[in-house]
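Inspection log for the structure reproduced underneath, given as structure tokens.
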Amino acid sequence: MNDAKVTETVLYLTFKLEDEVFALDVSQVREVLDLSPITKVPRAADFMRGVVNVRGSVVPVVDLRLKLGIPEVETTKDTRIVVMELDLEGEPTVLGAIADSVHEVLELAPDQIDDPPKIGARWRTEFLKGIGKRDDEFIIILDIDKIFSTDELALAQDAGTDQMLPQAEEAAA
């Protein structure tokens, strides 16, 4: 059972992957960026796209589609990077996630959110805080802290830091 049950009204940033609407707690979202060049990281997991330079800081970028088992697609003019802050084993970690498109910030009350289904669900329930309902639309609320492991992100960040240092130094100059 998922212990991240929503008990208060929260603002969520909604975005799309494939035909599904997902949401993240806005308190974890730092900013939304246009898609920019991503530096590849050697020997990274398939879902790890690489790293980007965000005002002199190295930020790992993941493809949420691949991490969640959704087939990869070409980027479009609507593709964005959602920069967020995760809590990985008590350590704050900044991460960018590629979304097909970003939509809006909306407010959902606890009575608009159901527990994720225990069987027959397309998504791993430990990755979900719940399923929001707005009109006839379902919104999959992600528990982003549980989707990534510390080891996965540390490898990407370490490899990316080595590659990005010269670029970060040039940008800062």
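For segment 12-21, the condition holds for no residue, the condition being that it is more than 16 Å from Ile139 (Cα to Cα), among the aromatic types (Phe, Trp, Tyr) and out of contact with any Phe, Trp or Tyr (no Cβ under 8 Å at 6 or more places or on another chain).
On the basis of being out of contact with any strand residue (DSSP E or B) (no Cβ under 8 Å at 6 or more places or on another chain) and acidic (Asp, Glu), does Glu85 make the cut? No, not satisfied.
Inspect all residues belonging to segment 34-45 and state whether any of them is in contact (Cβ under 8 Å) with a residue 24 or more places away in the chain, part of a loop (DSSP other than H, G, I, E, B) and among the hydroxyl-bearing types (Ser, Thr, Tyr). Yes: segment 34-45 contains one or more residues that are in contact (Cβ under 8 Å) with a residue 24 or more places away in the chain, part of a loop (DSSP other than H, G, I, E, B) and among the hydroxyl-bearing types (Ser, Thr, Tyr). Inspect all residues belonging to segment 4-25 and state whether any of them is of a type in the set (Gly, Ala, Ser), in a loop (DSSP other than H, G, I, E, B), in contact (Cβ under 8 Å) with a residue 24 or more places away in the chain and farther than 30 Å from Pro110 by Cβ. No.
In segment 164-172, the count of residues that are modelled with pLDDT under 90 and farther than 27 Å from Asp34 by Cβ is zero. The numbered conditions (1) exposed (fewer than 14 other Cβ atoms within 10 Å of the Cβ); (2) of a type in the set (Gly, Ala, Ser); (3) more than 21 Å from Ile139 (Cβ to Cβ) are all true for Gly96 except (1). Kindly indicate whether any position in segment 43-60 is on the phi > 0 side of the Ramachandran plot and buried (at least 17 other Cβ atoms within 10 Å of the Cβ). Checking segment 43-60: at least one residue is on the phi > 0 side of the Ramachandran plot and buried (at least 17 other Cβ atoms within 10 Å of the Cβ).
Residue check: is Arg49 of a type in the set (D, E, K, R), closer than 15 Å to Phe15 by Cβ and not in a loop (DSSP other than H, G, I, E, B)? Answer is no for this residue.
The values are calculated or read from the model by the stated rules, or taken from the named source; none is laboratory data. All of these numbers come straight from a predicted model, not from anything done at the bench. Glycine also receives a Cβ, built like all others from the backbone with ideal geometry; neighbour counts cover every protein chain displayed.
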